[in-house]
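Trainee: Below is a structure I'd like to ask you about.
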Amino acid sequence: MVERALVLGATGELGEAVCRSLSAAGTRVVAAGRRADRLQSLEAAGLVAEHFMADLAQPQAILDALESQHFDLLVLCTGATEFGPFCERPWDSIEREMSADPVGAAHVLHAAARAMVRRGSGRIIVIGSTAQYRPAPRLAVYAAGKAFLTSMAQSLALELRGTGVSITCCIAGPFGSTFANGARIPRKAGAGTAKRVAAAALAGSANGRAVVYAGLGARMRAMAYSGTPNWLLSRMIPPGKRPS
């Protein structure tokens, strides 16, 4: 059983689903996110024991928590914050998104893994995306960041063997969220839910899996995108089409 967990991105739909699942299993959950109202609601509902404001683009509060507290599990539920054509976005918004994911996320992973290795135990979960396997017009920075974190997680899974520390990357397909709805990303057959993604990620971590897929839809998308030549994918996904 996980006694204490730190959930980053807890104010999103997926982060809340993770908090809910962990709390139901008796875990003492510490939630971190960028929206004070959502964090307060999570604690008022009894889903988390503690919370604090945090942003991966400026991760010092998270680093301080990892240094001062003991966590058996770290879950990074980071997602996209911006949506739109790369050249139409101002550079400061692109730089901020990259500062959070992958740079801030990698910084947090480094601190968490080092602390857990010193203790000889611990688990880490990162959330990947099927978007990382294909061209993703209008989500270029997000897809690139997810590809970075997935690759890092798979490498760390091998590096950490024998240390008592494991890292699991859960590959998620599209699922309903405030961001997806606002960006009008269409839901297709086989699309998942935040609850299903949370369940797959936690089960995969408990079983020591390096990579898991959040349902059959995510697995099939990843396989199809990975097995299709890039020139064909590029023809199938016109530059102006919203990704799915």
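Trainee: Fully extended, how many nm does the chain gain between residue 58 and residue 118 (0.36 nm per residue separation, minus their Cα-Cα distance)? List each step's numbers first, then the result.
Mentor: Numbers: separation 60, 0.36 × 60 = 21.60 nm, distance 2.47 nm.
Full extension from residue 58 to residue 118 adds 19.1 nm.
Trainee: What are the residues whose amide H is under 5 Å from the amide H of residue 51, where those residues sit 5 or more places off or on another chain and H is modelled from the backbone?
Mentor: Amide H to amide H, under 5 Å and 5 or more residues apart or across chains, residue 51 pairs with 31.
Trainee: Check residue 128: other-chain or 5+ apart residues with amide H under 5 Å from its amide H, H built from backbone geometry?
Mentor: HN-HN under 5 Å from residue 128: 170, 171, 172.
Trainee: Just need log10 I(q)/I(0) for the stretch 1-77 at q = 0.14, 0.27 Å⁻¹, Debye formula, equal scatterers on the alpha-carbon atoms, no solvent, rounded to two decimals.
Mentor: -0.36, -1.36
Trainee: Can you tally the net charge around residue 67? Count Lys and Arg as +1, Asp and Glu as -1, for every other residue whose Cβ sits under 13 Å from the Cβ of residue 67. Don't skip to the answer; put the middle values down first.
Mentor: Values: positive: 114, 118, 119; negative: 64.
Around residue 67, the charge tally is +2.
Trainee: How charged is the neighbourhood of residue 98? Take every other residue with its Cβ under 15 Å from the Cβ of residue 98, and add Lys/Arg as +1 and Asp/Glu as -1. Kindly include the intermediate steps, with their values, before the conclusion.
Mentor: Values: positive: 89, 96, 146; negative: 55, 82, 92, 95, 97, 101.
Around residue 98, the surrounding residues sum to -3.
Trainee: Using the Karplus curve 6.51 cos²θ - 1.76 cosθ + 1.60 with θ = phi - 60°, what ³J(HN,Hα) values do you get for each residue of the stretch 53-58, in whole Hz, with x for Gly and Pro?
Mentor: With the stated coefficients, the stretch 53-58 comes to 6, 7, 9, 4, 5, 9 Hz.
Trainee: Sticking with this structure for a sec: Given a Förster distance of 51 angstrom, what is the FRET efficiency for residue 159 paired with residue 195, based on the Cβ-Cβ distance and rounded to 0.05? All intermediate terms of the calculation are to be shown ahead of the outcome.
Mentor: Numbers: r = 31 Å, r/R0 = 0.62.
That pair, residue 159 with residue 195, gives E of 0.95.
Trainee: Now for a different question. Please give the length that would be gained between residue 110 and residue 220 if that part of the chain were fully extended, namely 0.36 nm times their separation in residues minus their C-alpha to C-alpha distance (nm, one decimal). Could you put the intermediate results ahead of the total?
Mentor: Working: separation 110, 0.36 × 110 = 39.60 nm, distance 3.11 nm.
Once the chain is fully extended between residue 110 and residue 220, it gains 36.5 nm.
Trainee: Which ³J(HN,Hα) values, rounded to whole Hz and listed in residue order, are derived for the stretch 104-115 from phi using the Karplus coefficients 6.51, -1.76 and 1.60 in 6.51 cos²θ - 1.76 cosθ + 1.60 with θ = phi - 60°, glycine and proline given as x?
Mentor: My calculation for the stretch 104-115 gives x, 4, 5, 4, 5, 4, 4, 5, 5, 5, 4, 5 Hz in order.
Trainee: What distance in nm separates the simple spin-label points at residue 37 and residue 24, each placed 7 Å from Cα in the Cβ direction?
Mentor: Simple spin-label model gives 2.6 nm for this pair.
Trainee: Restricting attention to the alpha-carbon atoms of the chain, what are Rg (one decimal) and Dmax (integer), both in Å?
Mentor: Expressed in Å, the Cα Rg and Dmax of the chain come to 17.2, 51.
Trainee: When the Karplus curve 6.51 cos²θ - 1.76 cosθ + 1.60 is applied with θ = phi - 60°, which whole-Hz ³J(HN,Hα) does each residue of the stretch 38-43 get, with x for Gly and Pro?
Mentor: 5, 5, 5, 5, 4, 5
No value in this document is a laboratory result; all are computed from the given coordinates. Keep in mind it's a predicted model, so treat the numbers as computed, not measured. As a convention, Cβ positions derive from the backbone with ideal geometry for all residues, glycine included, and neighbour counts pool all protein chains shown.
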